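Only the coordinates and a few stated rules stand behind these numbers; no lab work does. For clarity, every value in this text was computed on a predicted model and none was experimentally measured. Every residue, glycine as well, gets a Cβ built from its backbone with ideal geometry; the counts of neighbours run over all protein chains shown.
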Amino acid sequence: MTRVMQMACHADRTGEFSQKRRCPPARDPYTGDMSELAKMIESASNTAVFTGAGVSTLSGIPDFRGPQGIYRHLDADRIFGLDQFRRDPGFYYEHARDFIYTLDQRSPAIVHTVCADLEAQGLISGVITQNIDMLHQRSGSRNVIELHGSPATHSCPGCGLQATFEQVAPEVRAGRLPTCGQCGGIFKPDITFFGEMLPVGALEGAFALAGSVDLMLVLGSSLVVQPAASVPLATLEAGGRLAIVNLGETPLDSRAAGRWVDLETEFLELARHFGLDSR
Ligand SMILES: [Zn+2]
């Protein structure tokens, strides 16, 4: 039994991810091998990618909903709460300083680089992400749909003037509030805060892309945050297939054509298969 298959055994389809060792039947979807994933990509006419926090954690960015995440010790509902921001933007900037405004010091991980390289080779047509860390773009992906917005731009709530992450981050790191030079308002990151709608254009674009492909790779997402998690459903409903690589269970596991557990292992294998520089 390969290491991948042993790891896959730990995921209990009916309960929490556990250390319980069960030997699955030979054709269990959890035990698909890597050549099968590469074959799925090669045989698809159009593939898209959906990424979640599990991809960011490979770059050392905590999953703020996961066990190591900031929910454990900080109040993310307040930090990313729209009402709170309107009352006291300094609360956001104080607490996001070491988390958001150091993102430019993080490096893309293998999933980011392989996705960018596969897009450059014409093997994937775009990336839909729940992440706000800008790492897909930094690794070279061109068609990236950010479902939860991004700190790449900040907007002034007063007059709409925009500022880039690069303009804002040094101010925040120096302990100052990034202030609009036009009206004196405090810039808000274009991250979707609690209490805000997801960006309509991004959501529409994500559903359109998902419905147009015949293969969707779901990477590092437990598919629990709605409505974003419904995006891969659009692929299924259009007759396409899902390949899921995620540590824990997802609600769509039983409908996936392939199911793997460990992103890093699988993507190193993909990089080898496609002759990519895994950097
Ligand atoms: Zn302004």
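Which net charge results for the neighbourhood of residue 202, defined as the other residues with beta-carbon distances under 14 angstrom from its beta-carbon, given Lys and Arg at +1 and Asp and Glu at -1?
-4
Would you mind pulling out the separation of the Cα centroids of segment 195-212 and segment 81-140, in Å?
Segment 195-212 and segment 81-140 have Cα centres spaced 17 Å from each other.
Rounded to the nearest 5, what % of the DSSP beta bridges within segment 137-275 are antiparallel ones?
Among the beta bridges of segment 137-275, antiparallel pairing accounts for roughly 50 percent.
Hey, any idea what Rg/Rh is for segment 93-153, computing Rh the Kirkwood way over Cα pairs?
Rg divided by Rh gives 1.01.
Net charge within 15 Å of residue 234 by Cβ-Cβ distance, Lys/Arg positive one each and Asp/Glu negative one each, not counting residue 234 itself?
Here the charged neighbours net out to -1.
So what's the net charge close to residue 144: Lys and Arg +1, Asp and Glu -1, counting the other residues with Cβ under 12 Å from its Cβ?
With Lys, Arg at +1 and Asp, Glu at -1, the net is -1.
Quick check: residue separation of residue 121 and residue 83 times 0.36 nm, minus the Cα distance between them. What number comes out in nm?
9.3 nm is the gain from fully extending residue 121 to residue 83.
Any idea what Rg and Dmax come out to for segment 112-240 if you just take the C-alpha atoms, in Å?
For segment 112-240, the Cα-based Rg and Dmax read 16.7, 51 Å.
Quick one, can you get me the convex hull of the C-alpha atoms of segment 53-197 expressed as volume per residue in Å³?
Dividing the Cα hull volume of segment 53-197 by its residue count gives 110 Å³.
Using the Karplus equation 6.51 cos²θ - 1.76 cosθ + 1.60 (θ = phi - 60°), what ³J(HN,Hα) coupling, rounded to whole Hz, does each residue of segment 155-169 give in order, writing x for Gly and Pro?
Coupling constants for segment 155-169: 10, 7, x, x, 10, x, 4, 10, 9, 8, 3, 5, 6, 7, 4 Hz.
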